[in-house]
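Some notes on the structure that comes next.
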Amino acid sequence: MIKKCLFPVAGYGTRFLPATKSMPKEMLPIVDKPLIQYGVEEAMLAGLTDLGFVNGRNKRAIPDHFDINYELEAEIAGSGKEEKLSTIREVMAACTFSYTRQNQMQGLGHAILCGRTLMGDQPFGVVLADDLCINDSGPLVMSQLVSLYKQFRCTIVAVQEVPESEVDKYGVIAGEALSDNLIRVTDMVEKPAPSEAPSNLAVIGRYVLTPDIFDIIENTEPGINGEVQLTDAILTQARQGCVIACKFEGERFDCGSVSGFVEATNTIYQKRLDRV
């Protein structure tokens with residue numbers, strides 16, 4: 001069974017400056033809950049409770065969030081405000097948290113490699129908190145990927161169709177259709193020009209990776225902007241064995257962009273109003 005999940009959270013969040021000058025972008029709230037907590041809860045619901053974070057300088061707010069704040073809790077004990085801590089307390093009770101640091105920003109592949117000591121030689125999930133995923137009619141994306149891993153026993157990536165004009169923002173896959181929502185990956189390109197993209201199926205920030213990915217990343221040459229691309233390493237896995245792409249069920253919001261962040265906030269807020 002997969003129990004581990006890795007969260008690369010060392011990025012600077014420059015698209016949200018000056019808000020992220022001293023606060024991690026992953027701590028930006030969608031209504032009243034930070035992005036990183038949505039990701040952690042998604043992992044927890046998929047049975048991934050051994051959580052590792054590849055952190056960076058000036059990001060102490062993330063480990064502090066998943067820890068006890070004795071002064072705050074003493075101040076609000078016995079009041080109605082204490083109920084507001086119920087979700088984070090559930091997460092803290094169910095999960096374990098480990099941290100390491102990415103000292104240099106050398107791409108997502110490098111960030112994953114930094115988490116090797118936390119993940120070990122087991123398959124593991126990866127959640128990029130920038131992508132907020134919801135699903136009103138069934139399991140969340142990570143649960144869908146874990147179920148597929150149990151069937152295929154290989155690396156699984158989440159994909160969705162995007163406008164052709166936006167493919168240069170993503171890793172893009174092509175491959176052999178196994179069903180309406182499953183593709184066996186044969187090609188994968190990081191941020192291609194629209195005229196060179198193999199399809200409009202973009203990889204979003206949810207993966208289940210097999211542990212051989214670490215050795216592959218170590219032997220992967222830097223690509224765009226001198227960064228080690230996870231896309232290149234996964235393509236090597238696809239050529240050497242099997243990688244499955246899943247067109248997941250549910251909605252995804254790109255909260256790494258201001259427009260996506262605002263859209264996610266409005267959507268989550270409206271859903272709360274609808275439940276009242």
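Values in this text are rule-based calculations from the coordinates and carry no lab data. All of these numbers come straight from a predicted model, not from anything done at the bench. Heads up, the Cβs are rebuilt from the backbone with ideal geometry, glycines too, and the neighbour counts pull from every protein chain shown.
Along the range 107-116 the Karplus relation, 6.51 cos²θ - 1.76 cosθ + 1.60 evaluated at θ = phi - 60°, assigns HN-Hα couplings of x, 5, x, 5, 4, 4, 4, 4, x, 4 Hz to successive residues, with x for each Gly and Pro. Between helix 141-152 and the chain there is an angle of about 40 degrees, using the helix long axis and the longest principal axis of the Cα atoms. For the range 241-258, backbone phi angles converted through the Karplus equation (6.51, -1.76, 1.60; θ = phi - 60°) give residue-by-residue couplings of x, 8, 10, 10, 9, 10, 7, 6, 8, x, 10, 10, 10, 7, 7, x, 10, 4 Hz, Gly and Pro being listed as x. For K4, the lysines whose Cα falls under 29 Å of its own Cα, not counting residues fewer than eight places away in the same chain, are K25, K33, K59, K84, K150, K169, K191, K247. Taking the Cα centre of the chain as origin and assigning +1 to Lys and Arg Cβ atoms and -1 to Asp and Glu Cβ atoms, the resulting dipole is close to 420 debye.
Applying the Karplus relation 6.51 cos²θ - 1.76 cosθ + 1.60 with θ = phi - 60° to the range 32-45 yields 3J(HN,Hα) values of 10, 9, x, 3, 5, 5, 4, x, 5, 5, 5, 4, 4, 5 Hz, where x marks Gly and Pro. The angle between the Cα long axis of helix 230-240 and the longest principal axis of the Cα atoms of the chain comes to about 50 degrees, rounded to the nearest 10. Less than 5 angstrom separates the built amide H of I204 from those of A158, V159, Q160, all sequence-distant by 5 or more or on a different chain. When the helices of the chain are scored as -39500 (n - 2.57) per DSSP H run of n ≥ 4 and the total is divided over every residue, the value at 222 nm lands at -9000 deg cm²/dmol. Springs between Cα atoms under 10 Å define the GNM used for the chain, and in it the highest mean-square fluctuation of Y149, Y170, Y70 occurs at Y70.
Kirkwood's formula applied to the C-alpha pairs of the chain gives a hydrodynamic radius of 19.3 angstrom. GNM remark for the chain: springs join alpha carbons under 10 Å apart, and the peak mean-square fluctuation among G47, G138, G175 falls on G138. With the biggest extent put first, the Cα atoms of the range 95-232 measure 37, 36, 25 Å across the principal axes.
Around the amide H of V243, modelled in the peptide plane, lie the amide H atoms of V185, all under 5 Å away and 5 or more residues distant in sequence or on another chain.
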